[in-house]
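Single-structure report; data block below.
The values are calculated or read from the model by the stated rules, or taken from the named source; none is laboratory data. A quick note: this is a predicted structure, and the numbers were derived from the prediction, not measured. When we count neighbours, we look across all protein chains shown, and the Cβ atoms used for this are built from the backbone with ideal geometry, even at glycine.
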Amino acid sequence: MIKNTPNNNDLPFLACIYTVFLCTLFGANAVAIKISLFGLGTFTTAGLRFTIASIAIFLWARTSGLSFNISRAQLFQLFVIGMIFTFQLSLFYLGLSKTNASRATLVVNILPFFVLFLAHFFIPGDRITIRKIIGMVIGFTGVAFVFLEKDVTADFQSGDLIILAAAFLWACNIIYVKRIIDTFEAFHIVIYPMIFSVPFFFIEGFLWDTSMIAYIDLKIVGSMLYQSLVTAAFGFVVWNKMLQKYGATALHSFVFIMPIAGVVLGGIVLKEPITFNIMIALLLVVSGIIVINVKPKRPTTIFPLGKGI
């Protein structure tokens, strides 16, 4: 059985640069998905993305000589991850089909705050502190500005709520993975849930997409390759590998880059309006993430009977 122990120390300079690069790639993913949705069905897009990503990871793992062997206990754990993964991505794609990429990026980046709350109860040794509660309040206030924005359609509002639900499921998945990741190869956590989810995405596409494939052009192909090869294959594997090597604490101090990248690129690439509420929401969400991940010299622990991050 594999046993990897993250050191949770500060990242070396080159690792910091690499992490910033990864977070920028992830932040741009919502923009790429929106481009693909111009010609592909919502769930069909997810199915195609993870089909391509699964094939890419499989070929890379085979050529690298990595083992695909898993134990019976690991098989059940991967089944649980696969189920949550399928639901969370189905909701995320559905929500993104109804709202802007910039709004979706802000709402989904409430994820670290959900992780913080859930980890308090389910990750041994983690604690919620006053500093982290302040960060959570700031972050949730930022997302409230997205929901309170005037002159938005009902579709936008429902899309934002669906993405909020997806973010909560995503957080549940992260907490579960954090408890078991040290016994897996990093790519196991990525490829098996993807393979599990693909048939369900295509079934959803057949049942609920208005048109599974309306048309395809170079922009859609490029966006699909970006989602599949850059973020779903390369990004997920590398992130989990770095998570094993450096630990969640070190990596999560950079996740504030994701909403910035998503909002900026949504405005530049998709010409989405960057309203006053969006700017305030971005400022608050980023500030909340930074507050949570700043390392104080002497953190004050509260709620000592619980478990948290």
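Table: residues versus (1) surrounded by fewer than 18 Cβ atoms within 10 Å (Cβ to Cβ); (2) among the hydrophobic types (A, V, I, L, M, F, W, C); (3) at pLDDT below 95.
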site	(1), (2), (3)
Asp10	yes, no, yes
Ala32	no, yes, no
Phe43	no, yes, no
Asn69	yes, no, yes
Ile81	no, yes, no
Phe85	no, yes, no
Gln88	no, no, no
Tyr93	no, no, no
Pairing a residue in region 141-160 that is part of a loop (DSSP other than H, G, I, E, B) with any residue that is of a type in the set (Ser, Thr, Tyr), where Cβ atoms lie under 7 Å and the two sit 6 or more apart in sequence or on different chains, gives Glu149/Thr275
Only one of (1) touching a Phe, Trp or Tyr at 6+ places or on another chain (Cβ under 7 Å); (2) buried (at least 18 other Cβ atoms within 10 Å of the Cβ) does not apply to Thr129, and that is (1)
_Being closer than 16 Å to Val255 by Cβ and basic (Lys, Arg): is that true of Lys98 here?_
no
Expected output for region 163-187 (first residue farther than 18 Å from His252 by Cα, partner of a type in the set (Lys, Arg), Cβ below 8 Å, 6+ apart or cross-chain) is Thr183/Lys3
Of the residues in region 112-157 that are among the basic types (Lys, Arg) and over 23 Å from Met279 (Cα atoms), the one that is modelled with the lowest pLDDT is Arg127
Picked from region 262-290 (must be farther than 17 Å from Val152 by Cβ and without any contact (Cβ under 8 Å) to a residue 24 or more places away in the chain), the residue nearest to the chain's Cα centre (by Cα) is Val264
* **Boolean, Gly247 is modelled with pLDDT under 95 and on the phi > 0 side of the Ramachandran plot** => yes
Flagged pairs (Cβ under 9 angstrom, 6 or more apart or on separate chains; first in region 127-139, on the phi > 0 side of the Ramachandran plot and without any contact (Cβ under 8 Å) to a residue 40 or more places away in the chain; second assigned to a loop (DSSP other than H, G, I, E, B) and not hydroxyl-bearing (Ser, Thr, Tyr)) are none
The helices (runs of 4 or more DSSP H) lying wholly within region 183-283 that contain at least 2 residues that are in contact with a Gly (Cβ under 7 Å, 6 or more places away or on another chain) and buried (at least 22 other Cβ atoms within 10 Å of the Cβ) are 186-208, 257-269
